[in-house]
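Participant: I'd like to ask some things about the structure below.
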Amino acid sequence: MTTSAITASNKNSRGIFERRESAVRSYARNFPVKFVKAQGETLFAEDGEEYIDFLAGCSSLNYGHNHPKLKEALTDYIASDGLTHSLDMETDAKEEFLEEFERTILKPRKLDYMVQFTGPTGANAVEAALKIARKVTGRTNIIAFTNGFHGCTLGALALTGNSHHRGGAGVPLGGVTRMPFDGYHGDGVDTAAQIDRLLSDPSSGVDAPAAFIVETVQGEGGLNAASFEWLRAIQKIARKHGALFIVDDIQAGIGRTGSFFSFEPAGIEPDIVTLAKSLSGYGLPMALTLLKRDLDIWKPGEHNGTFRGNCHAFVTATAALKTFWRDDTFVKEIKRKASIVKERFEAIAAKHDDDIAGVKGRGMMLGLDVGSGEVASRVVKECFANGLVIETSGADDEVVKCLAPLTISDENLKRALTIVERAVDKALSKNVKAAA
Ligand code: PLP
């Protein structure tokens, strides 16, 4: 295509989005180009520009775009006329996924979860977790945390802290008591002890909870990482007060923080776990709610959904487990890459220590708190102008967040980190230390 033809086609194709697509679209506003191809960590735009993807479908593409082994498994399956859609009927695709998940994930970790295929979004897995917790305990109250994000359906939204998202509900969001996450009141305050005190006091006004729901690292809430000690304390408090302990591992799981489940290094064993995003490994919609065996008291079809049997997602999920999780090679690689990001982010933070509050997160889920949403937005824009797609998180969108594919090459990882560093330098230019 000639340059003028590309420009014309860009204009036309962009026009339809603005003319016809709902104002609810959001990421498209930060990255106003049309993407036509993606491979690994690279996005290709219609105008010929290439971008490194540090957003990775908001951690739905932990193995990158179109991973060749996953693509091969999927195209072979389609070519063989395997079922695409199966409601919750038995298929070979689902059988292979369950066998592989049991063999590669559950058994080595001595976990005995029943696997509930929910509707294919994270929010649906969360809704199922809430319903079963309420049904099992006969209680309605759920303890959720400050800065938590669990999705935008009404049940999940009631758990979510962010007022922008909550404001879209249009009805009161109830059945939830908000408690302070680890570190919410600063380093010296043990929020777990506060919560225990409130639940132990019959006059605190907090109803006995059906469950606690927690993210080990708050993905949308600003990459606040709970300490392992705090997670263990919360699990203990939940059990002490007859509540179930739910870990929402939709964003932090599937390797993002360095292990398949983000809670593994904390030595805890949640009663319920939600998974989605990178579970299919290919960006195909698929979600699970894992339940301890004795909690699985559902009646057939009680939590239903037409798209619980996305066989294409089962095929790529199985291929991902086989490719990445049968031994510890991938885990070691994540750790190595995470230390590259952490070191670089710490250097950037040190250079701007008047403005940058610090490096947040864990594993390959790391961010730079640049102090304000306005500065973070400038960083994101500058990164995009230099070929990097990166987003923000936090109450004021003040954290620039790295969610690079875990399979990214060292070369592109370092290249992208240099783009981030230069963008931060520019955004905070008046404050760069002379010595730097
Ligand atoms: N839970 C967590 C921790 C998330 O980060 C998200 C999405 O970002 C969700 C739930 C909701 O998932 P979905 O957007 O697929 O409904």
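The values are calculated or read from the model by the stated rules, or taken from the named source; none is laboratory data. Only a predicted model underlies this, so the values are computations on that prediction, with no experimental measurement involved. Don't worry about glycine lacking a Cβ; one is built from the backbone with ideal geometry, like all the others, and counts go over all protein chains shown. Ligands, DNA and RNA are stripped out before the accessible areas are found, and what is left, the full protein with its side chains, is counted by its heavy atoms. Shrake-Rupley method; radii C 1.70, N 1.55, O 1.52, S 1.80 Å.
Participant: Given a 1.4 Å probe and every protein chain left where it sits, what share in percent of the accessible area of segment 259-309 is carbon and sulfur?
Facilitator: Heavy-atom surface of segment 259-309 belonging to carbon and sulfur, 1.4 Å probe: 53 percent.
Participant: Going through the cross-link list LYS71/LYS292; LYS94/LYS277; LYS94/LYS236; LYS277/LYS332; LYS107/LYS277; LYS131/LYS240, which pairs have a Cα-Cα distance over 24 Å in this structure?
Facilitator: From LYS71/LYS292; LYS94/LYS277; LYS94/LYS236; LYS277/LYS332; LYS107/LYS277; LYS131/LYS240, over 24 Å: LYS71/LYS292; LYS94/LYS236.
Participant: Ranked by accessible surface with a 1.4 Å probe, highest first, in what order do ASP81, ASP112, ASP249 come?
Facilitator: ASP81, ASP112, ASP249
Participant: In addition: Which ³J(HN,Hα) values in Hz, rounded to whole numbers, follow from the phi angles of segment 130-145 under the Karplus curve 6.51 cos²θ - 1.76 cosθ + 1.60, where θ = phi - 60° and Gly and Pro get x?
Facilitator: Karplus-based 3J(HN,Hα) across segment 130-145 equals 5, 4, 5, 5, 5, 5, 5, 8, x, 10, 10, 6, 10, 8, 10, 10 Hz.
Participant: Test of understanding: in a Gaussian network model of the chain with alpha carbons linked when under 10 Å, which of HIS164, HIS303, HIS85 would top the mean-square fluctuation ranking?
Facilitator: So, out of HIS164, HIS303, HIS85, the one fluctuating most is HIS164.
Participant: Let me ask another. Tell me, which longest segment in the chain has none of the trypsin sites (Lys or Arg not before Pro) that fall in DSSP loops with at most 10 further Cβ atoms within 10 Å?
Facilitator: For trypsin sites (Lys or Arg not before Pro) (loop position, at most 10 other Cβ atoms within 10 Å), the longest site-free span of the chain is 111-432.
Participant: Okay, moving on. Could you tell me what fraction of 2.2 N^0.38 Å the Cα radius of gyration of segment 330-404 comes to, as a two-decimal ratio?
Facilitator: 1.08
Participant: Each residue of segment 31-44 in order: what ³J(HN,Hα) in whole Hz does its phi give by Karplus 6.51 cos²θ - 1.76 cosθ + 1.60, θ = phi - 60°, with x for Gly and Pro?
Facilitator: Each residue of segment 31-44 in turn: 10, x, 9, 9, 8, 10, 7, 8, 8, x, 9, 10, 10, 10 Hz.
Participant: Moving on. Kindly identify the chain as rounded, prolate or oblate by the Cα gyration tensor criterion: order the square roots of the eigenvalues as a ≥ b ≥ c, call it rounded if a/c is under 1.5, otherwise compare a/b with b/c, prolate if a/b is larger, else oblate.
Facilitator: oblate
Participant: Give the accessible area for ILE297 in Å² (nearest 10); use a 1.4 Å probe, count only protein heavy atoms, and leave out ligands, DNA and RNA.
Facilitator: Solvent-accessible area, nearest 10 Å²: 80 Å².
Participant: Could I ask something else about it? Count charges around ALA208 for me, please; just the other residues with Cβ under 15 Å from its Cβ, Lys/Arg as +1, Asp/Glu as -1.
Facilitator: Combined, the nearby Lys, Arg, Asp and Glu give +2.
Participant: Rounded, prolate or oblate, given the Cα gyration tensor of segment 68-324, with a/c below 1.5 counting as rounded?
Facilitator: Verdict is prolate for segment 68-324.
Participant: List, in order, the whole-Hz ³J(HN,Hα) value for each residue of segment 63-78 obtained from phi through the Karplus relation with A = 6.51, B = -1.76, C = 1.60 and θ = phi - 60°; use x for Gly and Pro.
Facilitator: Each residue of segment 63-78 in turn: 9, x, 7, 6, 4, x, 6, 6, 5, 5, 4, 5, 5, 4, 5, 5 Hz.
Participant: Further, regarding this structure: How large is the convex hull of the C-alpha atoms of segment 168-291 per residue, in Å³?
Facilitator: 134
Participant: MET179's amide H: which non-local residues (gap 5+, or another chain) put their own amide H closer than 5 Å, with H modeled 1.01 Å from N in plane and none for Pro or chain starts?
Facilitator: Under 5 Å from the amide H of MET179: ALA144, PHE145, THR146.
Participant: With n ≥ 4 as the cut-off for DSSP H runs, can you work out [θ] at 222 nm for the chain, using -39500 (n - 2.57) per run divided by the number of residues, rounded to the nearest 500?
Facilitator: -11500 deg cm²/dmol
Participant: Next question, about the same structure. From Cα pairs below 8 angstrom and at least 6 apart in sequence, can you work out the relative contact order of segment 330-404, rounded to a whole percent?
Facilitator: Relative contact order for segment 330-404 comes out at 26 percent.
Participant: Assign one of three labels to segment 125-186, namely rounded, prolate or oblate, based on the Cα gyration tensor with a ≥ b ≥ c the square roots of its eigenvalues; rounded applies when a/c is under 1.5, prolate when it is not and a/b is larger than b/c, and oblate otherwise.
Facilitator: Oblate shape, in that a/c is at least 1.5 and b/c is the bigger or equal ratio.
Participant: Over what distance in Å are the Cα centres of segment 100-161 and segment 323-392 separated?
Facilitator: Between the Cα centres of segment 100-161 and segment 323-392 lies a distance of 28 Å.
Participant: So for ASP396, ASP271, ASP425, what's the accessible-area order with a 1.4 Å probe, most first?
Facilitator: ASP396, ASP425, ASP271
Participant: Check the straight Cα-Cα distances from LYS34 and name the lysines below 17 Å, setting aside those fewer than 8 residues away within the same chain.
Facilitator: LYS11, LYS381
Participant: Sticking with this structure for a sec: Considering Cα pairs under 8 angstrom that are at least six residues apart, work out the relative contact order of segment 306-436 and quote it in whole percent.
Facilitator: The normalised contact order for segment 306-436 reaches 22 percent.
Participant: In whole percent, how big is the carbon plus sulfur part of the accessible area of segment 348-436, probe 1.4 Å, protein atoms only?
Facilitator: Carbon plus sulfur share of accessible area: 47 percent.
Participant: Compare the Cα positions of PHE228, GLY188, THR104 along the charge dipole of the chain (+1 at Cβ of Lys, Arg; -1 at Cβ of Asp, Glu; about the Cα centre) and return the one farthest towards the positive end.
Facilitator: Going by the Cα projections, it comes out as GLY188.
Participant: Select from segment 51-142 those GluC sites (Glu not before Pro) which occupy a DSSP coil region and have at most 15 other Cβ atoms within 10 Å, ordered by residue number.
Facilitator: GLU90
Participant: Rounded to the nearest whole Å², what accessible area per residue is found for segment 167-288 with the 1.4 Å probe?
Facilitator: Solvent-accessible surface per residue comes out at 35 Å².
Participant: Quote the relative contact order of the chain in percent (integer), defining contacts as alpha-carbon pairs under 8 Å separated by 6+ residues.
Facilitator: Over the chain, the number comes to 22 percent.
Participant: Something else about it: With every protein chain in place, what's the accessible area of MET114 (1.4 Å probe, Å², nearest 10)?
Facilitator: Looks like 60 Å² after rounding.
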